[in-house]
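Asks: The following block contains the structure, expressed as structure tokens.
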Amino acid sequence: MTSKLDLVKAAYNAHLWTESPLIHVGRPNIGCTEALLSRIRGLCERKWLSNDGPLVQEFEQRVAEISNVKHCVAMCNATVALEIAIRAAGLTGEVIVPSYTFAATAHALQWQEITPVFCDIDPITHNIDSAKVERLITPKTSGIIGVHVWGRGCDVSSLVEIARRRNLKLMFDAAHAFGNTHTGQPIGGFGLAEVFSFHATKFVNCAEGGAVVTNNDELAAKMRLMRNFGFSGYDNVIYVGTNGKMNELSAAMGLTSLESMEEFKAVNRMNYNSYRACFANFPGISLIDYDLAEVNNFQYVVLDVDEATCPISRDQLIQVLHSQNILARRYFFPGVHRMEPYKSHYPNANLLLPVTERVTSRVVVLPTGTSVGAADIDRIGRIIRDALTKSLYETLRLPRNIEIGKSFVEIEY
Ligand code: T4K
């Protein structure tokens, strides 16, 4: 008898002969290519390619307006933006962060020898559980970094209250949350500073890019210096700094992307609704919700697989999808606490992070964005529904004989 695992392995190997095109999570939205080329022509004519150029300044102004903040400091990516914001804010010692995030959040601290202390998350919002933050505070704690996972705002008011009472600095990794609101306010103005990512995979992108937004004049001025080696005018370095500058090509991409931002949101929302319709009332799986009273960019379509009621596991579902060239992702598996160097630093962190552990084993992120159409979603929906209700052979339309390891297996439908 062939085990279920063997069947899944076979399904996985079947991608070798599947003819469907690859469908990615994170395919970039491009916007108007002509507008992009015209900006690129302009920068070629100006011969101004980096170092606080006019397109970067225009991009900063647009991002600050959209986020309703005084300052936007554009950077080469969100990871460096986090590093600079952390340094400029003076964080030291230990900083409380969720482990359910991209590695960059913790790395931006560890890179500067600040210890990330992992806090568990809320099972519904997937954001840092504010009720569990206080017990992690030690005399070395200098701050808290919340992450607005999937673009859904953290429990900002509780975090602000804890930070105020315990004299800690509060910042947000808003890599997923550009253009969104929380309690009706644009994300960007919460805490001391917030950090956006404009990576190619984000719904508004600069190919590579990031930004710190803040209402704090002093912090903004310091970050502008730090992103440019600490130079204050010619030949005068007044801080330790790095090269965190955004270049003009990235800003050209970002400005072009911003012009189509509403269209990208509308497509993402339509895709999200189409996925919703595919899985309505389907036992064992559900999409995470977005609060429709807020503005959402819907850039992540997140499927929750409940292993107690779903006939196949999350990982089997991923393998089925990959076998069909649908490159669904397990963000953020296995949780930063299970990655190096944190895994070695805290081998038992899992015991303190039960919700993180559960969520990392349940989530599937599905493809969306302007490269994904209704027909793709119908197909993805059908594959997932079939995977849950039919045999894997039927779902994947595998041949009658399939090679597993060195032997051929006879398939029984
Ligand atoms: N904080 C949070 C909470 C974040 O999620 C992130 C980044 C950051 C901080 C740091 O921001 P940045 O420093 O990157 O600005 C991807 C992105 O690279 C990363 O930006 C993002 N989060 C993360 C959630 O997703 P990977 O490791 O999954 O990337 P990769 O190479 O597997 O690409 C994803 C998919 O996108 C692939 O299937 C291919 C497709 N793709 C990618 C690129 C770059 C394309 O089709 N075209 C492309 O140009 O991290």
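Bear in mind that the values in this text are calculations on the coordinates, not laboratory data. Source: prediction; values computed, not measured. Cβ atoms come from the backbone with ideal geometry, glycine included; neighbour counts cover every protein chain shown.
Asks: For a 30 Å ceiling on Cα separation, which of these pairs sit above it: Lys202/Lys390; Lys47/Lys202; Lys222/Lys265; Lys132/Lys222?
Replies: Long pairs (Cα-Cα over 30 Å): Lys202/Lys390; Lys222/Lys265; Lys132/Lys222.
Asks: Could you give the Stokes-Einstein D for segment 261-379 in µm² per second, using the C-alpha Kirkwood radius, 25 °C, 0.890 mPa s?
Replies: 156 µm²/s
Asks: Positive end of the dipole of the chain, charges at C-beta (+1 Lys, Arg; -1 Asp, Glu), about the Cα centre: which of Gly189, Tyr331, Gln57 has its Cα farthest in that direction?
Replies: Farthest towards the positive pole: Tyr331.
Asks: So, one more: Where Rh is the Kirkwood radius over the Cα pairs of the chain, the temperature 20 °C and the viscosity 1.002 mPa s, what D in µm²/s does Stokes-Einstein return?
Replies: 95 µm²/s
Asks: For Lys169, what residues show an amide H to amide H distance below 5 Å, using hydrogens built from the backbone and excluding near sequence neighbours?
Replies: Here Gly143, Ile144 satisfy the definition.
Asks: Expressed as an acute angle from 0 to 90° and rounded to the nearest 10, what is the orientation of the C-alpha long axis of helix 217-226 relative to the principal long axis of the chain?
Replies: 80 degrees
Asks: A further question follows. Could you work out how much longer the chain between Ile124 and Arg358 gets when fully extended? Use 0.36 nm per residue separation minus the Cα distance between them, nm to one decimal.
Replies: 83.1 nm
Asks: Would you mind telling me the antiparallel percentage of the DSSP bridges in the chain, rounded to 5?
Replies: 60 percent
Asks: I'd like the trypsin sites (Lys or Arg not before Pro) in segment 112-168 restricted to DSSP loop residues with at most 11 other Cβ atoms within 10 Å, sorted by number.
Replies: For trypsin sites (Lys or Arg not before Pro) across segment 112-168 that sit outside H, G, I, E and B with at most 11 neighbouring Cβ atoms in 10 Å, the list is empty.
Asks: What aspartates and glutamates could a cross-link reach from Lys245, if we take a straight Cα to Cα line under 16 Å and drop same-chain neighbours fewer than 8 places away?
Replies: List returned: Asp52, Glu58, Glu60, Glu83, Glu208.
Asks: To continue, here is another question. Once R0 is set to 45 Å, what does the formula 1/(1 + (r/R0)^6) return for the Cβ-Cβ distance between Cys44 and Val160, expressed as a FRET efficiency to the nearest 0.05?
Replies: Here the calculated transfer efficiency is 0.45.
Asks: Could you work out the percent of alpha carbon pairs in segment 33-259 separated by over 28 Å, rounded to a whole number?
Replies: Value for segment 33-259 (Cα pairs over 28 Å): 27 percent.
Asks: Which length gain, in nm to one decimal place, applies between Lys343 and Glu307 when the Cα-Cα distance is subtracted from 0.36 nm times their residue separation?
Replies: Computed gain between Lys343 and Glu307 is 10.4 nm.
Asks: Relative to the first principal axis of the alpha-carbon coordinates of the chain, what is the inclination of helix 33-46, with its axis defined by its Cα atoms, in degrees from 0 to 90 and to the nearest 10?
Replies: The angle comes out near 30 degrees.
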